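The values are calculated or read from the model by the stated rules, or taken from the named source; none is laboratory data. The structure presented is a predicted model; accordingly, all values stated were derived computationally and were not measured. Ideal geometry is used to build each Cβ from the backbone, glycine not excepted, and the neighbour counts take in all protein chains shown.
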Amino acid sequence: MELFQEILEADLLAQIVFGIFALIAIGGAAYLFFTKNILYGAYGLLTSLLGVAGLFLLANAEFIAVSQIMIYVGGVLILILFGIMLSANGKNKGDALEVINVNNLLSLLIALVISGGLGLMVFNLKITNAVESYGAVNHINALGMHLMTSHVALLEMIGVLLLVVLIGASYIAKREKS
Amino acid sequence: MIASTYFLYVSAILFALGFAVLITKKNLIVMLMGVELMLNAVNVNFVALARNASDPFEGQLFSLFIMIVAAAEVAVALAIILKLRQYYKTINPDLLDELKN
């Protein structure tokens with residue numbers, strides 16, 4: 001951990017690592033946009049999510065990075081793969097796997113405009129320099145303290161939401177006897 | 001130390017790409033993936049700007065909650081997509097036009 005921190009403080013190396021992770025994230029997203037195979041698209045999304053997890057690590061958010069990998073890659077993406085598999089059975093299975101692109105160039109142009117506008121806005125922002133590090137704070141400890149004291153109502157509401165989703169999703173997806 | 005603006009640039013590009021996926025692809029599952037990408041870009045913003053705040057863990061908690069809500073959203077959306085496919089035999093949003101006209 002000490003060694004990792006020392007390496008992280010070397011500015012150039014941190015920037016190079018940041019560039020690599022940013023390229024992974026953006027490349028995966030671009031692959032999802034350009035591919036016509038739904039399964040390859042899911043793998044592109046996987047790559048992009050892993051790159052974003054690396055970005056979280058570089059932003060001093062270790063716990064968020066780990067939960068990104070566990071929730072998104074281990075949960076959401078597996079769920080999407082299951083969705084692909086379940087919707088690609090039975091009659092006319094080709095329909096579920098078919099990905100039609102419409103207005104390819106137009107939407108790329110819109111994406112360019114959005115990212116350009118947001119980039120211009122960020123360029124004009126005046127952000128104070130971020131703190132170098134949080135010192136000797138135990139991240140998980142501090143996050144847990146927040147969850148159990150100042151954000152406990154949110155935590156309870158999230159728990160209720162997850163219960164509702166669990167029941168609702170299994171009720172919606174259940175097969176009717178006919 | 002990486003400046004927060006770089007994170008914001010990356011998240012802007014990711015958000016735009018997610019939006020492009022959402023409006024280009026004619027397949028409900030791939031559109032869902034685009035939404036996930038956009039939510040992830042927002043998360044990057046939260047975590048990057050949380051470093052400037054007096055209490056850095058507020059922003060991180062917020063991105064954690066966004067992740068959980070995104071997972072819940074995917075579960076419900078996939079259930080609805082499966083049901084749609086049972087009824088209409090298609091998940092192309094252009095063909096699900098029963099309420100049109």
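I'd like to know if segment B:80-96 contains one or more residues that are touching a Lys or Arg at 6+ places or on another chain (Cβ under 9 Å), closer than 22 Å to A:N60 by Cα and not acidic (D, E).
No, segment B:80-96 contains no residue that is touching a Lys or Arg at 6+ places or on another chain (Cβ under 9 Å), closer than 22 Å to A:N60 by Cα and not acidic (D, E).
Pull out all pairs, ordered by first then second residue, where Cβ-Cβ is under 6 Å, the residues are six or more apart or on different chains, the first lies in segment B:79-98 and is of a type in the set (A, V, I, L, M), and the second is assigned to a loop (DSSP other than H, G, I, E, B).
Every condition considered, the pairs that remain are B:I81/B:I91.
Only one of these is out of contact with any Leu (no Cβ under 8 Å at 6 or more places or on another chain) and more than 15 Å from B:A48 (Cβ to Cβ): A:L32, A:L50, A:L55, A:L45. Name it.
Within the list A:L32, A:L50, A:L55, A:L45, the selection yields A:L50.
Would you mind finding the one in B:F62, B:F19 that is more than 7 Å from chain A (Cβ to nearest Cβ), surrounded by fewer than 21 Cβ atoms within 10 Å (Cβ to Cβ) and touching a helix residue (DSSP H, G or I) at 6+ places or on another chain (Cβ under 9 Å)?
The unique qualifying residue is B:F62.
Do we have B:I80 as under 27 Å from A:V160 (Cα atoms) and either surrounded by fewer than 23 Cβ atoms within 10 Å (Cβ to Cβ) or of a type in the set (F, W, Y) (or both) here?
Yes.
Does B:V42 fit the bill of being touching a residue at least 12 places away in the same chain (Cβ under 8 Å), out of contact with any strand residue (DSSP E or B) (no Cβ under 8 Å at 6 or more places or on another chain), surrounded by fewer than 20 Cβ atoms within 10 Å (Cβ to Cβ) and not polar (S, T, N, Q)?
yes
Scan segment B:50-59 for residues that are within 8 Å of chain A (Cβ to nearest Cβ), of a type outside the set (A, V, I, L, M, F, W, C) and part of a helix (DSSP H, G or I) and jot them down.
B:P56, B:E58
Is it fair to say A:V113 is within 30 Å of B:D55 (Cα to Cα) and at pLDDT 90 or above?
no
Yes or no: A:F33 under 24 Å from B:L8 (Cβ atoms), over 11 Å from the mean Cα position of the chain (by Cα), assigned to a helix (DSSP H, G or I) and facing another protein chain (nearest Cβ under 7 Å)?
The answer is yes for A:F33.
Looking only at segment A:149-178, count how many residues are assigned to a loop (DSSP other than H, G, I, E, B) and either more than 25 Å from the chain's Cα centre (by Cα) or modelled with pLDDT of 95 or more (or both).
7
Looking only at segment B:13-49, which residues are among the polar types (S, T, N, Q), within 17 Å of B:L95 (Cβ to Cβ) and part of a helix (DSSP H, G or I)?
Passing the criteria: only B:T24.
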